[in-house]
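Novice: Have a look at this one.
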Amino acid sequence: MVTRATSHSTDGDTRRRVTRLLLERGHATAADLAQDLGITATATRRHLDAMEAEGQVETRVVKTAGRGRPARSYQLTPAARTSFGHTYDDLAMEALRWIRRFEGEGAVSGFAAEQVARLEARCRAALDAVDADDPMARAQALASAMSSEGYAATASVIASGGQICQHHCPVAGVAAEFPQLCEAETRVISRLLGVHVQRLATIANGDGVCTTHVPGSNRGRKAAHGAGGRGPIPLPAPERAQTDNPTGRR
């Protein structure tokens, strides 16, 4: 017979696993989560319903192929993400506001560049043994290095090259007001991989995952070198139109 205390403990363990899976994936259906959890979809929905009632998860409708009913996809709420390292946000926010008020936007950009330079130095060591002409291999190594820095990063190959997904952002709350942090981080990724990369989504902008596209051809590498490694280069108009944020939010 399962006691109430044991049941509560098991529920807590399962919900922590659900939280971790949603953090890593950005969003998932109950059926997808159930497969990884090794429990039924019905049991998984019970946990998700409880977590939704507690304000830990929220849902969105995902269109499915065919004529079936749209699926419900779950993702963590901003409140749930705060348990993964959003520390000193208020202090950092006030410090950056002070810099912007008395020194200007350029000073904020300089501060952001200096901060991510430390991340760049630590990650560069992890890439020393990786072929400089293989951006995909370097992306995998960089994702591993960034995970050790708290970004819960993964890298995968897609049709147009590859992408790095950061499932956690330690400074998301601050970056929502100061996009210079995201911009500086993108330039670091570009320099470390030796190719032009394009940031497609950010947690600071309200997306579930920070997604960075890594080109698989030499075209991106030549573009990055042509800019002197200073940062992202605008995409051609048709492709850029698909990735622009119509709301203008970051």
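The values are calculated or read from the model by the stated rules, or taken from the named source; none is laboratory data. For clarity, every value in this text was computed on a predicted model and none was experimentally measured. Virtual Cβ from ideal backbone geometry, glycine too; neighbours counted across all protein chains shown. Protein only, heavy atoms only, side chains kept; ligands, DNA and RNA dropped before computing areas. Shrake-Rupley method; radii C 1.70, N 1.55, O 1.52, S 1.80 Å.
Novice: Leaving ligands, DNA and RNA out of it, rank Asp90, Asp131 by accessible area with a 1.4 Å probe, largest first. It would help to have the intermediate numbers written out before the result.
Specialist: Values: Asp90 125, Asp131 85 Å².
Greatest to least solvent exposure: Asp90, Asp131.
Novice: Quick one: which of 114-125, 27-38, 134-145 comes out on top by average Cβ neighbours within 10 Å, and what's the full order, highest first? Let's see the in-between values first.
Specialist: Numbers: 114-125: 14.2, 27-38: 17.3, 134-145: 20.4.
Order by mean packing, descending: 134-145, 27-38, 114-125.
Novice: For a quick check: with amide H placed at 1.01 Å from N, whose amide H comes under 5 Å from Ala71's, ignoring anything fewer than 5 positions away on the same chain?
Specialist: The answer is Val62, Thr64.
Novice: Right, something else. Taking R0 as 45 Å, what's the FRET efficiency between Arg72 and Ala107 from their Cβ-Cβ distance, rounded to 0.05? Display every interim value, and only then the final one.
Specialist: Details: r = 45 Å, r/R0 = 1.00.
E(calc), rounded to 0.05, equals 0.50.
Novice: Sticking with this structure for a sec: How large a share of the accessible area of region 121-174, in percent, is made up of carbon and sulfur atoms when the probe is 1.4 Å and the other protein chains stay in place? Before the final figure, lay out each step's value.
Specialist: Numbers: 1280 of 2370 Å².
C and S atoms contribute 54 percent here.
Novice: Hey, what's region 136-189 come to in accessible area per residue, 1.4 Å probe, Å²?
Specialist: On the way: 1740 Å² over 54 residues.
Averaged over the residues of region 136-189, the accessible area is 32 Å².
Novice: Apply the Karplus parameterisation 6.51 cos²θ - 1.76 cosθ + 1.60, with θ equal to phi minus 60°, to every residue of region 150-164 and state each ³J(HN,Hα) to the nearest whole Hz, in sequence, with x for glycine and proline.
Specialist: These are the phi-based 3J(HN,Hα) values: x, 8, 6, 8, 9, 10, 8, 8, 10, 4, 8, x, x, 8, 10 Hz.
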